[in-house]
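A short worksheet on the structure shown next.
The values are calculated or read from the model by the stated rules, or taken from the named source; none is laboratory data. Remember, it's a predicted structure, so these values are computed and weren't measured experimentally. Cβ placement follows ideal geometry from the backbone for every residue including glycine, while neighbour counts extend to all protein chains displayed. Remember, those area values only see protein heavy atoms, side chains included, never the ligands or the DNA or RNA. Shrake-Rupley method; radii C 1.70, N 1.55, O 1.52, S 1.80 Å.
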Amino acid sequence: MKHLCSVDDLGGRAGIEQMLDLTDSFVEIQQRDIPKVPALRGKTVVSLFFEDSTRTRLSFETAAKRLSADTMTFTVGSSSVKKGESLLDTVQTIEAMGVDAIVVRHGAAGAAHRVASWAQASVVNGGDGRHEHPTQALLDAFTLRRHRGPSLDGCRVAIVGDIRNSRVARSNVKLFHELGCDLTLVGPPTLMPERLDGWPVSVSYDIDEVLPDVDVVYLLRIQRERIDQALFPTLREYANRWGLTVARAARMKPDTFVMHPGPMNRGVEIAAEVADSSRSLVTEQVANGVAVRMAVLWSLLGSGGPVV
Ligand code: CP
């Protein structure tokens, strides 16, 4: 694997499972008193973020540092993009400084592929528009496997909310399907993709019909920054019809898990009490994000050498 722009780059179920198994080694490293190994000494990882991020950027930077790589951070607000520099010129400028991996987040679908087509360095997609967010899908599957055992075959997952605007939904549908999950998309018709041809999913517009039967409720944020028209009456109406309220959570099976990629809109797609409950894996998802990204960076830059 030279780049990770899409779940497709992981090489199907075998490749995904290999990456999840590898992640276990990095969880162990993180539990040490000094959670750092020399595996990527001499390598440089740059985070090239044209959109805001807390989890993805910090966890990639933490992952790179724990592998002893050098890191560089690009933020659009303090860069020459403000003076009109193009994406191509930005990539060429960063590459001229000598980098081995570029983690890119961009508002345009396909931006990571485009950067990969120009770059000598390995490129990791940290989220491109409504397209994909493959490391989010990996960390979600890793988190779920830790609770349900290594096999996710037959695991019933409801992905609820703003599917239309979600890159997380696209990557998670692909990856969870590869691992054998049974997927249902839930939300208002206006937040479903215009076409679902080829998506290996069922669709429901009624969360109450789906909740009692699923093993995982995966909630998505209403992405107000990508919604330019009224797709539902009000946020309060959305919370009433599709939000995971305390009353709805009480109707789930006792062993149903709640997941969310973050950032959460508490009181909209998820009640604060549910987000903070023992069913919620949200904090674990974030913690596992570092180990997953260590595994990804090591796979791209360190293969052939020892992990430890
Ligand atoms: N889940 C996720 O991508 O979060 P950030 O936008 O904070 O990186």
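So if R0 is 30 Å, what FRET efficiency would Ala250 and Ser202 give, r being the distance between their Cβ atoms, rounded to the nearest 0.05?
0.80
Taking the chain as the region of interest, what is the percent of Cα-Cα pairs per 10 angstrom bin, listed from the shortest bin to the one with the maximum distance?
6, 28, 34, 23, 9, 1
Give, in nm to one decimal, the length gained when the segment between Ser25 and Lys83 is fully stretched (0.36 nm per residue of separation minus the Cα-Cα distance).
Result: 16.5 nm gained on full extension.
Rounded to the nearest 0.05, what FRET efficiency do Asp70 and Leu235 have when you use their Cβ-Cβ distance and R0 = 51 Å?
0.75
For the stretch 136-281, what's the relative contact order in percent, using C-alpha pairs closer than 8 Å and at least 6 residues apart?
24 percent
Between Thr93 and Ser151, what is the spin-label point distance in nm, taking each point 7 Å from the Cα along the Cα→C-beta axis?
Here the answer is 5.3 nm between the modelled labels.
First check a/c for the stretch 136-281, with a ≥ b ≥ c the square roots of the eigenvalues of its C-alpha gyration tensor; if it is under 1.5, answer rounded, and if not, answer prolate when a/b is larger than b/c or oblate otherwise.
It comes out oblate by the Cα gyration axes.
Per residue, how many Å² of accessible area does the stretch 136-281 show with a 1.4 Å probe?
Per residue, the stretch 136-281 has an accessible area of 41 Å².
Near Lys65, which lysines are there with a Cα under 26 Å away, not counting those fewer than 8 places off in the same chain?
Excluding near neighbours in sequence, the set is Lys2, Lys36, Lys43.
Can you tell me what share of the DSSP beta bridges in the chain is antiparallel? A percent to the nearest 5 is fine.
Close to 5 percent.
Which shape class, rounded, prolate or oblate, goes with the stretch 233-292 when its Cα gyration tensor gives a ≥ b ≥ c as root eigenvalues, a/c under 1.5 marks rounded, and past that a/b bigger than b/c marks prolate?
In terms of gyration-tensor shape, oblate.
With a cut-off of 8 Å between alpha carbons and a minimum separation of six or more residues, what is the relative contact order of the chain in percent? Mind dumping the intermediate values first?
Values: 570 pairs, mean separation 64.5, N = 308.
Relative CO of the chain lands at 21 percent.
Would you work out what percent of the accessible area of the chain, with all protein chains in place, is carbon or sulfur (probe 1.4 Å)?
48 percent
Which value at 222 nm does the chain reach when only helices count, each DSSP H run of 4 or more adding -39,500 (n - 2.57), with the total divided by all residues and rounded to the nearest 500 deg cm²/dmol? Please list the in-between numbers first.
Numbers: 11 runs with 116 residues, N = 308.
-11500 deg cm²/dmol, from helical runs alone.
How would Lys253, Lys65, Lys83 rank on accessible area, largest to smallest, probe 1.4 Å?
From most accessible down to least: Lys83, Lys65, Lys253.
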